[in-house]
1. Considering each residue of segment 68-90, count those that are under 16 Å from Lys23 (Cα atoms) and touching a Ser or Thr at 6+ places or on another chain (Cβ under 9 Å), and give that number.
2. For segment 121-143, which positions are hydroxyl-bearing (Ser, Thr, Tyr) and part of a helix (DSSP H, G or I)?
3. Could you count how many residues in segment 94-115 are part of a loop (DSSP other than H, G, I, E, B), under 17 Å from the mean Cα position of the chain (by Cα) and within 15 Å of Arg53 (Cβ to Cβ)?
4. Can you confirm whether segment 169-188 contains a residue that is farther than 18 Å from Asp18 by Cβ, touching a Leu at 6+ places or on another chain (Cβ under 8 Å) and either of a type in the set (Ser, Thr, Tyr) or assigned to a helix (DSSP H, G or I) (or both)?
5. Mind checking whether some residue in segment 190-206 is at pLDDT below 95, under 16 Å from the mean Cα position of the chain (by Cα) and of a type in the set (Gly, Ala, Ser)?
6. Could you tell me whether any residue of segment 43-59 is more than 29 Å from Arg129 (Cβ to Cβ), surrounded by fewer than 19 Cβ atoms within 10 Å (Cβ to Cβ) and either in contact with a helix residue (DSSP H, G or I) (Cβ under 6 Å, 6 or more places away or on another chain) or touching a residue at least 24 places away in the same chain (Cβ under 8 Å) (or both)?
7. Does Val156 satisfy being part of a loop (DSSP other than H, G, I, E, B), modelled with pLDDT of 95 or more and among the β-branched types (Val, Ile, Thr)?
8. For segment 140-162: of the residues being surrounded by fewer than 21 Cβ atoms within 10 Å (Cβ to Cβ) and not charged (D, E, K, R), which is nearest to Glu102 (Cα to Cα)?
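The values are calculated or read from the model by the stated rules, or taken from the named source; none is laboratory data. Keep in mind it's a predicted model, so treat the numbers as computed, not measured. FYI the Cβ positions are ideal-geometry reconstructions off the backbone, even for glycines, and counts take in every protein chain you see.
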Amino acid sequence: MSPRSDTAVALLALRCLDLTSLKDDDSDTSIETLAARARTPHGAPAALCVYPRFIGAARRALQAAGLPQVRLATVVNFPRGEASPSDVAREIDAAVAAGADEIDVVFPWRALLAGDAAAGSRLVAASRRACDAADRTVLLKVILESGELREPHRIVEAGRIAVEQGADFLKTSTGKVAVNATPEAVGAMLQVIREHGGQVGLKVAGGLTGLAEVKTYLALAAEVCGEAWLTPRRLRFGASGLLGVLVSVLDGDAPAAGTPASY
């Protein structure tokens with residue numbers, strides 16, 4: 001990646017941010033506060049990511065904040081990735097009916113580790129069909145839970161299955177396990193994305209709090225896919241604690257260290 005100033009990096013990351021809250025104590029009020037934070041002097045994030053039960057509150061709050069362009073993402077089969085394809089399809093149907101624009105579905109990584117690769121194919125295919133049943137474009141992001149798959153060849157295997165069955169994005173993590181996004185895992189996912197001509201996006205999620213991490217992942221993605229690929233259509237950062245860091249940089253303040261993301 002060609003050299004970018006901290007300001008340029010922060011601005012790009014803000015445009016590619018999925019501002020996230022997936023906490024047990026989330027409420028309509030806390031989600032409304034999250035949506036209000038999405039309005040910054042430097043622009044808005046790509047999406048808000050919330051639990052399905054908060055889609056309505058998030059949509060109303062975004063409208064009230066004058067941010068109708070911010071997409072709404074939600075999670076299904078979350079966080080364990082053990083629901084049946086039919087149950088996941090019903091989750092997606094309900095989420096899309098409530099107003100979700102993007103679905104982040106957890107890949108059945110435990111089944112893959114147990115030798116059942118077909119489980120992942122069935123689940124992602126069912127998710128793709130459910131997204132396609134909508135009368136509008138619904139993006140499908142598949143959470144590989146790369147920290148649990150651990151080995152690069154396992155991450156590549158899961159990624160290939162997801163892409164072959166219609167994933168629009170590969171995503172690292174739920175943020176609910178001990179190991180989340182790592183450069184090694186992202187490198188494995190970018191290998192799959194390169195194999196498919198860069199037509200699939202990447203979402204780096206789980207524990208992102210600082211500008212240095214963002215720079216690392218931008219450099220990896222640019223090296224594999226080119227700088228023109230670094231847009232919200234292909235690249236996302238899923239985080240709860242990153243927004244303040246980015247705004248601090250863009251405001252001209254000293255970059256903050258960030259606070260641990262809480263999902």
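1. Counting residues in segment 68-90 that are under 16 Å from Lys23 (Cα atoms) and touching a Ser or Thr at 6+ places or on another chain (Cβ under 9 Å) gives 7.
2. Ser121, Ser127
3. Count: 1.
4. Among the residues of segment 169-188, at least one is farther than 18 Å from Asp18 by Cβ, touching a Leu at 6+ places or on another chain (Cβ under 8 Å) and either of a type in the set (Ser, Thr, Tyr) or assigned to a helix (DSSP H, G or I) (or both), which makes the answer yes.
5. yes
6. Within segment 43-59 (the criterion being more than 29 Å from Arg129 (Cβ to Cβ), surrounded by fewer than 19 Cβ atoms within 10 Å (Cβ to Cβ) and either in contact with a helix residue (DSSP H, G or I) (Cβ under 6 Å, 6 or more places away or on another chain) or touching a residue at least 24 places away in the same chain (Cβ under 8 Å) (or both)), the answer is yes, since at least one residue qualifies.
7. no
8. In this case the residue turns out to be Val156.
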